[in-house]
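*Asks:* Got a structure here, written out as structure tokens. Questions coming.
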Amino acid sequence: MKKASFKQPAGRPLPAAAESWVGAGADAGGPPPATAAARPARPATGAKPARLTIDLPEELHTAFKAACARRRTRMVDEVRQFIEEWTQKNG
């Protein structure tokens, strides 16, 4: 039986900002990692969640995603919190 050899694909280099963010770790003075306690709670009613789909300009989506990464939060949690606060204020 003949052995097949495979070449390891060359990875793309990450941007310098990504490298410094990953290398900085928690000691960089950023916010602490998000925990389950810090995330907004889902409704306790047991109701099936409804899905919301929105279209955003690519630049806004990228900026929002990067801001969430810097805060170490999930995008869905930030949107959910915004909607909850907005409906309490304007409901």
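*Asks:* Tell me which residues, restricted to the stretch 52-91, are of a type in the set (S, T, N, Q) and either surrounded by 11 or more Cβ atoms within 10 Å (Cβ to Cβ) or within 21 Å of residue 17 (Cβ to Cβ) (or both).
*Replies:* Taking the stretch 52-91 first, the residues of a type in the set (S, T, N, Q) are 53, 62, 73, 81, 87-88, 90.
Matches in the stretch 52-91: 62, 73, 81.
*Asks:* Separate question: Could you give me the residue pairs with C-beta distances under 8 Å whose first residue belongs to the stretch 62-91 and is of a type in the set (Phe, Trp, Tyr), whose second residue is part of a helix (DSSP H, G or I) and modelled with pLDDT of 95 or more wherever it lies, and which are 6+ apart or on separate chains?
*Replies:* 64/75; 64/78
The values are calculated or read from the model by the stated rules, or taken from the named source; none is laboratory data. Everything numeric in this text was worked out from a predicted model, so none of it was measured. In this analysis, Cβ positions are derived from the backbone assuming ideal geometry, glycine residues included, and neighbour counts consider all displayed protein chains.
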